[in-house]
Amino acid sequence: MEIIVLAVLAASVATIMVSFYLGDRILTLRRPAELVSGTPRLTAEGNASTVATVAAGRVAVVGRTVAGPGGLVQAPLSGIDCVWYRIVVTRQDTVGSNEGVGSVELYTTSGGTESIPVADEPQGLLLHVTAELAGQALAPWAGSLFEVSVTEHTARTRSDPVPPAPWLAELQRSGAIGPEQLRPGRDTRGFMVTEYVVRADRPVLAIGRPRPYGDTVALEPVRGGSGATTATAEQIRAHVARAIVLPQRLWLPLLLLGTVLLVVGFCLVSA
């Protein structure tokens with residue numbers, strides 16, 4: 001009898017926990033769609049002339065990336081003509097007794113326009129999105145403005161502590177990074193070189209806080225939800241609608257089932 005009671009109580013707790021997880025999952029999945037639908041789009045009337053009145057809020061910008069005043073720039077490693085690029089070199093170390101991996105940034109450089117220009121052609125607006133905002137995805141599954149054009153990982157081995165790496169060697173030859181920075185420590189697993197680019201004529205949906213930027217506006221990150229993506233608002237809403245179907249169907253029945261099992265378990269205990 002005790003085994004049956006314990007089994008019923010354990011099943012009720014597990015079922016209720018799964019229902020709570022599904023409820024939280026529904027809220028998490030809905031967040032990008034609610035953010036897109038509930039954020040006003042920056043209009044010509046809300047551009048530089050009234051930016052002070054909206055600077056504390058959150059607005060959406062929709063358009064396409066365009067070249068800055070100096071034209072496109074060439075990414076040093078990939079050779080891609082782009083609006084903006086960033087190169088990051090990190091050292092990967094073993095961390096803690098569980099042998100997790102931690103990253104230490106050794107070198108970073110970027111080129112192109114400081115804030116990425118975005119043309120809202122229907123309204124005739126030229127706006128900007130800061131690189132910090134462009135690197136934040138509105139959702140993990142939504143396309144990012146940052147495209148990884150080069151990635152190179154040098155894993156440490158017994159025979160060669162720092163295996164030869166073409167891009168890492170190129171950065172050393174150019175003087176961008178010195179040999180002392182690449183000296184491996186006892187816990188070093190390897191080094192990673194990554195180049196990110198933002199190409200021209202890419203669709204943009206960005207949500208952030210506007211601030212004055214010359215005679216126009218730049219969006220920057222804001223607490224409570226911000227980011228940029230190449231997906232459209234319609235694509236985001238459609239993805240969310242598909243993703244929440246199963247959790248919505250399951251969370252309430254599981255919650256009711258768990259509650260019933262919990263009541264039955266307590267009744268058996270008191271019997």
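The values are calculated or read from the model by the stated rules, or taken from the named source; none is laboratory data. Every value quoted in this text rests on a predicted model; they were computed, and no experiment measured them. Don't worry about glycine lacking a Cβ; one is built from the backbone with ideal geometry, like all the others, and counts go over all protein chains shown. The area values use the complete protein model at the heavy-atom level, side chains included, leaving out ligands, DNA and RNA. Shrake-Rupley method; radii C 1.70, N 1.55, O 1.52, S 1.80 Å.
Among the residues of the stretch 9-25, those that are buried (at least 16 other Cβ atoms within 10 Å of the Cβ) and either modelled with pLDDT of 85 or more or farther than 11 Å from residue 258 by Cβ (or both) comprise 11, 12, 15, 16, 18, 19, 22, 23, 25.
Quick check on residue 42: is it surrounded by 14 or more Cβ atoms within 10 Å (Cβ to Cβ), out of contact with any Gly (no Cβ under 7 Å at 6 or more places or on another chain), closer than 19 Å to residue 134 by Cα and at pLDDT below 85? Here the answer is yes, as residue 42 does meet what is asked. Contact map, the stretch 86-111: first residue open to solvent by less than 60 Å² (accessible area, probe 1.4 Å) and modelled with pLDDT of 85 or more, second residue assigned to a strand (DSSP E or B) and among the polar types (S, T, N, Q), Cβ cut-off under 7 Å, separation 6 or more or different chains; pairs are 87/108; 87/109; 88/108; 88/194; 90/103.
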